[in-house]
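Read through the structure below, which is laid out as structure tokens, and then see the notes.
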Amino acid sequence: MSESFRQYLRALPDFPEDLPDFDPAAAPADPARLFRQWLAEALAAGEAQPHACSLATVGTGTQPSSRMVILKDIDDDGWHIATSRTSRKGKELAATPKAALNFYWPLQGRQVRVAGGVVELSAEASAADWAARPAADGSDNPDWQLYAVRPDEVEFWQARHDRRHVRHRYGAGRGPR
């Protein structure tokens, strides 16, 4: 790596001056409740597409693969995302039904990571999701699949200017689930 590029990267700004506080001791027992709160705060702070997240799957030969998707819902089934079964991510989820989602809200200095097993939701739910898409033209897409990530772990991360970032994990033997 060139020293000048390294210095350039080090000089880039990290986070805004006014970061929200986060006290894990005051966090709700349900990670979905805290996520909804942080999502609303991200939206209020002006974050663009706060419902967008990186989806990481496992490809051929355990090669990680990631891309951006939109969170569709959170309910008792899990954290919903959707894609075509014939897409790369659809094929990877069929072969290895595990995934991680990562939400990043730079204006808030916040990230949320969700990792766990993945299940396919019903054909009816998938068809309804397809029909609700803004670009839906009324035609069916039998390859469209709604999935639910069932978290084994959810981690909330709050940046701090003193670099003593705050992490709060649910599940995976670390803290509330």
query: Roughly how many percent of the accessible protein surface of the chain is carbon and sulfur, given a 1.4 Å probe and a whole-percent answer?
result: 51 percent
message: Please report the accessible area of residue 161 (heavy atoms, 1.4 Å probe, ligands and nucleic acids excluded) in Å², nearest 10.
response: 100 Å²
- prompt: In Å, what is the Rg of the alpha-carbon atoms in the chain, and how long is Dmax?
  reply: 18.0, 55
- prompt: Using modelled backbone amide H atoms (1.01 Å from N, in-plane), which distant-in-sequence or interchain residues come within less than 5 Å of residue 82's amide H?
  reply: 70, 147
message: Checking understanding here: applying a Kyte-Doolittle mean of at least 0.0 and a length along the axis of at least 18 Å (C-alpha), which whole DSSP H helices in the chain pass?
response: 31-44
field: Overall form of the range 1-105 per C-alpha gyration tensor (a/c, 1.5; a/b vs b/c)
entry: oblate
query: Mind checking the alpha-carbon convex hull of the range 107-158 and giving the volume per residue in Å³?
result: 97 Å³
field: Candidates 56, 44, 148: whichever shows maximal mean-square fluctuation once the chain is modelled as a Gaussian network with Cα springs under 10 Å
entry: 44
- line: Expected max-MSF residue from 14, 137, 73 in the GNM of the chain (alpha carbon, under 10 Å) is 137
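The values are calculated or read from the model by the stated rules, or taken from the named source; none is laboratory data. Owing to the predicted nature of the structure, the values given are computational and were not obtained by experimental measurement. These area figures cover heavy atoms from the full protein model, side chains too; ligands, DNA and RNA do not enter into them. Shrake-Rupley method; radii C 1.70, N 1.55, O 1.52, S 1.80 Å.
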